[in-house]
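J.: Here it is: the structure, laid out below.
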Amino acid sequence: MTGAILDTAFAAAFALAEPAADAAHGAATHAGDHGAGHGGMSGGALMALIPLLPLFAAALVGLLACFNEKSKLPAYASVGILGVSFLLTLITYLGWDGHSVIRVGLWDWISLSWGDGVGESLTANFAFYFDGLSLLWMLFVTGLATLIGLYASEYMSHDVGLGYCRFFGAFNLFVFSMSCLVMGDNLLMLFLGWEGVGLCSYLLIGYYYKKKAAVDAGMKAFVVNRIGDLGLLIGTLLTFTTFGSVEYASLFESINANTTATGAPLDATWQVWAIPLLLMAGAFGKSAQLFFYVWLPDAMEGPTPVSALIHAATMVTAGVYLVARMMPLYVADSHLIALTVVTWGGAITAFWAATIAMAQYDIKRIMGYSTISQLGYMFAGLGVLATTGGVFHVFTHAFFKATLFLSCGAVMHGFAGQLDLRKLSGLWKVPGFQIVTIAMLIGCLNLAGFPLTAGYFSKDMILAEAFTTPDSQIGASSWAGWLMLLTAGLTAYYTFRVFFRVFVGPVEYHAGDEDHGGDHEVDAEAAAAIDESHEDDAAHGHHGFHPHAPGWAMNLVLVVLAGASILAAGLYFVGDHHGWAGGMVHGSATYFDPAHVGDHAAAVIGEAGESADDHAAHAHGTILGMDPHKVMYYISGVVGFVGIGIAFVLHFAGRTEAATSKADALARAIEPVHRWAEGKWFVDEFYNFIIVTPLKVISHLFHWFDKLVIDGIVELFGGAPKVGSDTLAPASQTGVLHDYALRMIAGVAVVLVVVALVLY
Amino acid sequence: MIQAGFETGLLLAQAPFPEAMGAATLNHYLFVSAAMFALGLIGFMTRRNLIIMFLCTELMFQAAGLAMIAFGRYHMNFDGQTFVIFVLTIAAAEAAMALALVVLLFRKRESLDADLWAELKG
């Protein structure tokens, strides 16, 4: 049936409710719900347009570049097309029945067969797989891409022309690749999108290609990702050799039936833990986790809209998506080895990145490190079997981190690239920056986990679950919980460190070194107003620089995103599966019942029955002897307040200048620790020392081997006759052309005479 | 058979020396070829002008080509002609390079005298 559908050409693309994939839900959950017919011809074609429209937009922008377009047309065309893509996703979501898997076939991509047996054919078609998980991802990917595209139309305005086209071309191509990654029907489609987003990330990090730091950062991102991608590739191949398929539908069928291609029980094979670990390596590379995270802070060299969309909201969550998507495989292992590694990898990364963020001065880097830290939370959430919490955190984080980045971008745009928090202060009072300040405050409250914000709810779901999950499932998960709780405090501190220093306090600012001269609509009135109101501040030295307040597009996007960050909190109360995200996860093919996983699975099923929603079935851990679900709200709320309070005391109370604060005195007091944290624990230097330097040494060795040994042998063949003739008959080497010719003729004559004598 | 004309394609084939003048045989071609080669060789050995020496090598080239075509015709196959087509192609490329070299050498010494170059002297 599926095959017939996938054979249809794109023009006849259509959808079906795939009954087989419902098996992935666990038969008990949705028994009898199969075949709820919906979709149909138009629905499938519309879904296929979701990724194809951004691809078309990329081609269109490329065409505009050929005509050397010098207006903002590429931006507005992109935003319009991406907006349509978002609307189509919304229509698909609204038409979705809440639990089915919709598969849309476009065309045959890879369809091989070299025998009739199991595992002797490979099918990976250009087809899409819609369930709760991919819909949730697509909603925020297309939605945020539209908004951030609009923001970028203004932010990139000083590059109108070819640079502008280059930016939006890669931007649209990224959305297409990300759609392929998320919506793909099989692991090879995911890999295609995975490499596509990697390429676009590289292109956009290196957007300012005349700046060495940006080019190096792009290279670093690409190379570090390659290492993780090797894991993903081997994992995909191993999946194929184990299950004889790379299509999600048949994979989940095999996994749920606990069989492999050879018929052996899955949980008795070594692949059951090896494949998840290999996929995890890919996920950790793309999502900048432990060992691989070093590329993400450097990626902040790219334009800020790119940092917001690719390196905060969407691409870096691809790893989380991969793990969430393959969750049935992760929980198939009765020892949960891979998930334990995911939990601890995530928790340690969250803590590690937070400690670095505390000591940085570049506000965009701080946001970069906080992204790494928050991604750690998401992985830890998936690891402790809180798929809902992890996925909800992806969703809320996408909005509030995009808000934070775009606010930083507005500051960067307005102050000629200035990002040093020691050189900016009191922006709240600078004309035109009020909206930015409010958006920043909302983003900071979310990131700090301030009570009743979206970030608070999503983070608490992860934290509570970390304490709830018994050690028999995930080793020492409550310790991971404590580590993450401590990290939550650090997060609140470094977040509000930025806010208290940059946005409130005495007004003072120094322009960055970016040349914005002759740069369009500087608001002359606003600039004049600043000069008047701050004449008494002349001592602080404004150097005749006038901040450039954000225009309507940037402000509009900031308002919408800040609003969305607040409203996302409401999603926690929607539906009956722990909020809206829970409903989406529950309605996806990857849903599993946490209580029925791991060593205790059999015992738990035995004593508490089958219901997925019955919390009594959950083997609860405790925190301080109480139910974590109840006390976590209070504990993490208090931790957040403590973090904000410390930031308030150190960076706001009594501060009279941008550069001075009590924290600076404290930093001097604990100089070695501070210096190491500011130096990012010198991980880059360590990697350089153990990897880059040896490679350079080896390449030099090979270079000299090539030059001396290989070239030497070649030179020997030329040199030997010369040395021979020089020593044996030095007089013969006259260097005169005719002498050599004469001797050659004599030689030929001798040969001819000999031949003639022999023949006759 | 002896009197068969050149046009019939049989003249060179296995024909002994003709009894009458006016019909070209294999030996005629070989004689012309040998003469050309000798002229080229003597020219190469006696002249010092780089361009003349280069022209003489081309003359020897074409002499060898002529002999090959004649032999090919004699054996009634196309091997000789085919080979000569290749030789001509490569000779064209080689001529372009050789003349470029001559120009470079001339620029160095403002002279075409081959004896000015004796860098290989041991």
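J.: Check segment B:76-92 and report whether any residue there is within 28 Å of B:S33 (Cα to Cα), within 14 Å of chain A (Cβ to nearest Cβ) and crowded, with 16+ Cβ neighbours inside 10 Å.
T.: No, because not a single residue in segment B:76-92 is within 28 Å of B:S33 (Cα to Cα), within 14 Å of chain A (Cβ to nearest Cβ) and crowded, with 16+ Cβ neighbours inside 10 Å.
J.: Output the residues belonging to segment B:43-74 that are more than 14 Å from chain A (Cβ to nearest Cβ) and small (G, A, S).
T.: B:A63, B:G65, B:A67, B:A70, B:G72
J.: Residue under question is A:V673, and the condition is that it be more than 14 Å from chain B (Cβ to nearest Cβ), in contact with a Lys or Arg (Cβ under 9 Å, 6 or more places away or on another chain) and either surrounded by 12 or more Cβ atoms within 10 Å (Cβ to Cβ) or farther than 30 Å from B:F54 by Cβ (or both); does it hold?
T.: It is false that A:V673 is more than 14 Å from chain B (Cβ to nearest Cβ), in contact with a Lys or Arg (Cβ under 9 Å, 6 or more places away or on another chain) and either surrounded by 12 or more Cβ atoms within 10 Å (Cβ to Cβ) or farther than 30 Å from B:F54 by Cβ (or both).
J.: Follow-up question, since we're still on this one. Of all residues in segment A:420-436, count the ones that are crowded, with 21+ Cβ neighbours inside 10 Å and touching a Lys or Arg at 6+ places or on another chain (Cβ under 9 Å).
T.: Number satisfying all stated conditions: 3.
J.: While we're looking at this one, here's another question. Could you tell me whether B:A98 is modelled with pLDDT of 90 or more, on the phi < 0 side of the Ramachandran plot and within 14 Å of another protein chain (Cβ to nearest Cβ)?
T.: Criteria met by B:A98.
J.: Can you go through A:L135, A:L147, A:L122 and tell me which one is assigned to a strand (DSSP E or B), touching a residue at least 60 places away in the same chain (Cβ under 8 Å) and over 17 Å from the mean Cα position of the chain (by Cα)?
T.: A:L122
J.: Say whether the condition of being touching an Asp or Glu at 6+ places or on another chain (Cβ under 7 Å), of a type outside the set (G, A, S) and within 12 Å of chain B (Cβ to nearest Cβ) is met by at least one residue in segment A:743-751.
T.: no
J.: Please indicate, with yes or no, whether at least one residue in segment A:223-234 is surrounded by fewer than 23 Cβ atoms within 10 Å (Cβ to Cβ) and in contact with a Leu (Cβ under 8 Å, 6 or more places away or on another chain).
T.: Taking every residue of segment A:223-234 in turn, at least one turns out to be surrounded by fewer than 23 Cβ atoms within 10 Å (Cβ to Cβ) and in contact with a Leu (Cβ under 8 Å, 6 or more places away or on another chain).
J.: Return a yes/no flag: does segment A:684-701 have any residue that is over 30 Å from A:A359 (Cα atoms) and modelled with pLDDT under 80.
T.: No.
J.: In segment A:717-726, which residue that is exposed (fewer than 10 other Cβ atoms within 10 Å of the Cβ) and more than 26 Å from B:F44 (Cα to Cα) is farthest from the other protein chains (Cβ to nearest Cβ)?
T.: For segment A:717-726, the residue satisfying everything is A:F717.
J.: Are any residues in segment A:629-665 modelled with pLDDT of 85 or more and surrounded by fewer than 21 Cβ atoms within 10 Å (Cβ to Cβ), and if so, which ones?
T.: The answer is A:Y634, A:I635, A:G637, A:V638, A:F641, A:V642, A:G645, A:I646, A:F648, A:V649, A:F652.
J.: Follow-up. Somewhere in segment A:320-332, is a residue within 25 Å of A:T146 (Cα to Cα) and among the aromatic types (F, W, Y)?
T.: Checking segment A:320-332: at least one residue is within 25 Å of A:T146 (Cα to Cα) and among the aromatic types (F, W, Y).
J.: List pairs: first residue in segment B:31-42 and more than 14 Å from every other protein chain (Cβ to nearest Cβ), second residue in a helix (DSSP H, G or I) anywhere in the structure, Cβ distance under 6 angstrom, at least six positions apart or on different chains.
T.: B:S33/B:A63; B:S33/B:L66; B:S33/B:A67; B:M36/B:L59; B:M36/B:A63
J.: Then there's this: Only residues that are assigned to a loop (DSSP other than H, G, I, E, B), more than 8 Å from chain B (Cβ to nearest Cβ) and surrounded by 13 or more Cβ atoms within 10 Å (Cβ to Cβ): list them for segment A:727-742, please.
T.: Once the filter is applied, which keeps residues that are assigned to a loop (DSSP other than H, G, I, E, B), more than 8 Å from chain B (Cβ to nearest Cβ) and surrounded by 13 or more Cβ atoms within 10 Å (Cβ to Cβ), segment A:727-742 yields nothing.
J.: For segment A:287-320, what are the residues that are touching a residue at least 60 places away in the same chain (Cβ under 8 Å) and over 23 Å from A:G409 (Cα atoms)?
T.: If the condition is that a residue be touching a residue at least 60 places away in the same chain (Cβ under 8 Å) and over 23 Å from A:G409 (Cα atoms), then A:Q289, A:L290, A:F292, A:A318, A:G319, A:V320 are the ones that fit.
J.: Shifting gears a bit: Among the numbered criteria (1) assigned to a helix (DSSP H, G or I); (2) surrounded by 22 or more Cβ atoms within 10 Å (Cβ to Cβ), which one does A:S245 miss?
T.: (1)
J.: Could you list, ordered by first residue, the pairs with Cβ atoms under 7 Å in which the first is in segment A:446-457 and on the phi > 0 side of the Ramachandran plot and modelled with pLDDT under 90 and the second is of a type in the set (A, V, I, L, M) and surrounded by fewer than 24 Cβ atoms within 10 Å (Cβ to Cβ), at least 6 apart or interchain?
T.: Within 7 Å, the pairs are A:L452/A:A569.
J.: Then there's this: Can you spot a residue in segment A:685-693 that is in a helix (DSSP H, G or I) and within 10 Å of chain B (Cβ to nearest Cβ)?
T.: No, that holds for no residue.
J.: Is there a residue in segment A:267-276 that is touching a residue at least 24 places away in the same chain (Cβ under 8 Å), crowded, with 24+ Cβ neighbours inside 10 Å and assigned to a helix (DSSP H, G or I)?
T.: Within segment A:267-276, one or more residues are touching a residue at least 24 places away in the same chain (Cβ under 8 Å), crowded, with 24+ Cβ neighbours inside 10 Å and assigned to a helix (DSSP H, G or I).
J.: Further question: Can you confirm whether segment B:70-86 contains a residue that is farther than 30 Å from B:L26 by Cα and in contact (Cβ under 8 Å) with a residue 40 or more places away in the chain?
T.: Checking segment B:70-86: not a single residue is farther than 30 Å from B:L26 by Cα and in contact (Cβ under 8 Å) with a residue 40 or more places away in the chain.
The values are calculated or read from the model by the stated rules, or taken from the named source; none is laboratory data. Just so we're clear, the structure is a prediction, and the values are computed from it rather than from any experiment. Please note: Cβ atoms are built from the backbone with ideal geometry, for glycine as well, and neighbour counts cover all protein chains shown.
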